[in-house]
Amino acid sequence: MKIGEALKQTRLHAGLTQEEMAAGIISESFYSKVERDIHEIDANVLIKILAKHHFDVVSFFSQVNNSDNTLDPDFDLMNQISFAQNRKDLKKLDEIAAKIANRGVHVNLVFG
């Protein structure tokens, strides 16, 4: 799911109009074009809109992320590897390597 579609779905679920969703942050016209994927939205602006209406930012991005996984089934796995690597979580990286190995793929993770 694209960000515009997720915004629209979130807005409708909350019972808000486009004007209410965008009020005080961006114009209703621009917001409408974001929902229709005509314009892209700046991350800071998107987070302001979500925070203003008390929408959970992590849940929102999960919604977008989960639907994109159909395009690349390893997207979530790559995110897990990146997150674990950034945290220097060797235990988690070993768990991920085991999952990959169970798929019949040889994995040799090297950290420096």
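No value in this document is a laboratory result; all are computed from the given coordinates. Note that the coordinates shown come from a computational prediction; the quantities given were computed from them, not determined experimentally. Reconstructed Cβ throughout: ideal geometry from the backbone, glycine too, with neighbour counts over all protein chains shown.
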Derived scalar couplings ³J(HN,Hα) [the range 10-24; Karplus, 6.51 cos²θ - 1.76 cosθ + 1.60; whole Hz; x for Gly, Pro]: 5, 4, 5, 4, 7, x, 9, 8, 4, 4, 5, 5, 8, 3, x
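Given Cα pairs under 8 Å that are at least 6 residues apart, what percent is the relative contact order of the range 3-68?
This gives 34 percent for the range 3-68.
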Quick one: if you stick a label point 7 Å off each Cα along the C-beta vector at LYS33 and ALA14, how many nm between them? 2.2 nm
Any idea how far apart LYS48 and LYS99 come out in nm if each label point goes 7 Å out from Cα toward Cβ? 3.6 nm
Straight distance only, please: which lysines reach the Cα of LYS88 with their own Cα at less than 28 Å, same-chain residues fewer than 8 apart left out? LYS99
Ranked list, fewest to most other Cβ atoms within 10 Å of each Cβ, for LYS99, LYS8: LYS99, LYS8
So for the range 3-68, using the alpha carbon gyration tensor with a ≥ b ≥ c as root eigenvalues (a/c under 1.5 gives rounded; past that, a/b versus b/c decides prolate or oblate), I'd call it rounded
